[in-house]
Amino acid sequence: MKTALTIAGSDSSGGAGIQADIKTMTAHGVYAMSAVTALTAQNTTGVKGIFEVPPTFLADQLDCVFTDIPPDAVKIGMVSNKELIETIAEKLSEYGAKNIVLDPVMVATSGASLSSESAVTALKERLLPNCTVVTPNLFEAEILSGLKIRSKIDMEQASQAILGAYGCAVLLKGGHSENDADDLLYQQSGPTWFHAGRIETKNTHGTGCTLSSAICSNLAKGFDLNTSVKKAKRYITGALEANLDLGIGSGPLNLAFAIEGNF
Ligand SMILES: Nc1ncnc2c1ncn2[C@@H]1O[C@H](COP(=O)(O)OP(=O)(O)OP(=O)(O)O)[C@@H](O)[C@H]1O
Ligand SMILES: Cc1ncc(COP(=O)(O)O)c(N)n1
């Protein structure tokens, strides 16, 4: 069985973070493992609190995973401070981790900040240069590229700038654009667009976590990046269309809408 590791924060409401990652990896038929960076007290209406783990304890979790069941792919989600980011960079390098998907989580769907300024700098310097693909939304891509994004041409320019500066492929997500939910994969070989019509729903809690975990699962199974993104886009679209309606705020997706192979 192929294996994947998520390094991310816990979401008590189960829609984002570690919980979304494990559900997604399981739906893909991949064995999921986790290294928790922080506990959050949150639900569909917002984040009530964040409790970060000490960096040494994150290091212990990573040692336990890598010395026993080395993952075929790794996904990195919410990492809220510089010390935790440095720990991850050191451990991934020590164990020669491959197929690394970095979701640069900065703000939750609800608007709560899940990162800090020094964490963003560390993310750029320590994690971006070593990941296979980074998956920013429009806001995060503006921060990473230093460019304003208002059109599809802007999306191509910002992705090209991130690829040029850090050397990793970029999947720029269009979930927050005003038109269709079209995502752009930018690699050395050039741009590829992945189209999806916009689904009218308030229930988008965890879309970013889910997409990056689906890509990670597909890489673990041996698919190339292009195919991994194509399949992950089908999965996220299906999970949104399944139209789960839980909670009073921005609700979670139905990550079990299909069994492995149906997306
Ligand atoms: N309303 C929607 N209809 C169709 N696809 C969507 C919609 N919202 C988001 N997506 C898709 O979900 C994935 C995640 O994109 P998004 O830009 O929302 O990421 P994010 O901001 O990191 O996630 P989140 O909104 O959970 O923080 C992308 O593939 C995006 O195109
Ligand atoms: C622990 C954790 N990690 C990530 C997110 C971002 O997910 P979203 O932006 O989809 O709410 C979150 N809300 N909580």
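The values are calculated or read from the model by the stated rules, or taken from the named source; none is laboratory data. Only a predicted model underlies this, so the values are computations on that prediction, with no experimental measurement involved. Please note: Cβ atoms are built from the backbone with ideal geometry, for glycine as well, and neighbour counts cover all protein chains shown.
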* **Count of residues meeting criterion [within 11 Å of ligand 1 (Cβ to nearest atom) and closer than 26 Å to Thr45 by Cβ] in region 192-227** => 16
* To do: Scan region 185-219 for residues that are in a strand (DSSP E or B) and touching a residue at least 60 places away in the same chain (Cβ under 8 Å) and report the count.
  => 1
* Are any of the residues in region 237-255 within 23 Å of Ile76 (Cα to Cα), more than 15 Å from the chain's Cα centre (by Cα) and part of a strand (DSSP E or B)? -> yes
* Odd one out for Leu39 among (1) at pLDDT 95 or above; (2) part of a loop (DSSP other than H, G, I, E, B) -> (2)
* Is it fair to say Ile259 is more than 28 Å from Ala112 (Cα to Cα), over 15 Å from the mean Cα position of the chain (by Cα), part of a loop (DSSP other than H, G, I, E, B) and among the hydrophobic types (A, V, I, L, M, F, W, C)? -> yes
* Asked: Only one of Ala27, Ala35, Ala59 is in contact with a helix residue (DSSP H, G or I) (Cβ under 9 Å, 6 or more places away or on another chain), closer than 19 Å to Asn130 by Cα, away from ligand 2 (no atom under 16 Å from the Cβ) and touching a residue at least 12 places away in the same chain (Cβ under 8 Å); which?
  -> Ala59
* Can you tell me which residue in region 161-186 is nearest to the chain's Cα centre (by Cα), limited to those that are more than 10 Å from ligand 1 (Cβ to nearest atom), surrounded by fewer than 17 Cβ atoms within 10 Å (Cβ to Cβ) and modelled with pLDDT of 95 or more? -> Gly167
* Please find, within region 191-211, the residue that is nearest to the chain's Cα centre (by Cα) out of those that are away from ligand 2 (no atom under 15 Å from the Cβ) and charged (D, E, K, R). => Arg198
* Asked: Out of all the residues in region 175-184, which are part of a loop (DSSP other than H, G, I, E, B) and of a type in the set (A, V, I, L, M)?
  -> Ala181
* Is it the case that some residue within region 216-237 is more than 24 Å from Thr3 (Cβ to Cβ) and away from ligand 2 (no atom under 15 Å from the Cβ)? -> yes
* Asked: Is it fair to say Gly9 is closer than 18 Å to Ser116 by Cα and in contact with a helix residue (DSSP H, G or I) (Cβ under 6 Å, 6 or more places away or on another chain)?
  -> yes
* Structure fact -> If we keep only residues of region 85-107 that are within 16 Å of ligand 2 (Cβ to nearest atom) and surrounded by fewer than 22 Cβ atoms within 10 Å (Cβ to Cβ), then the residue farthest from Ala122 (Cα to Cα) is Val107
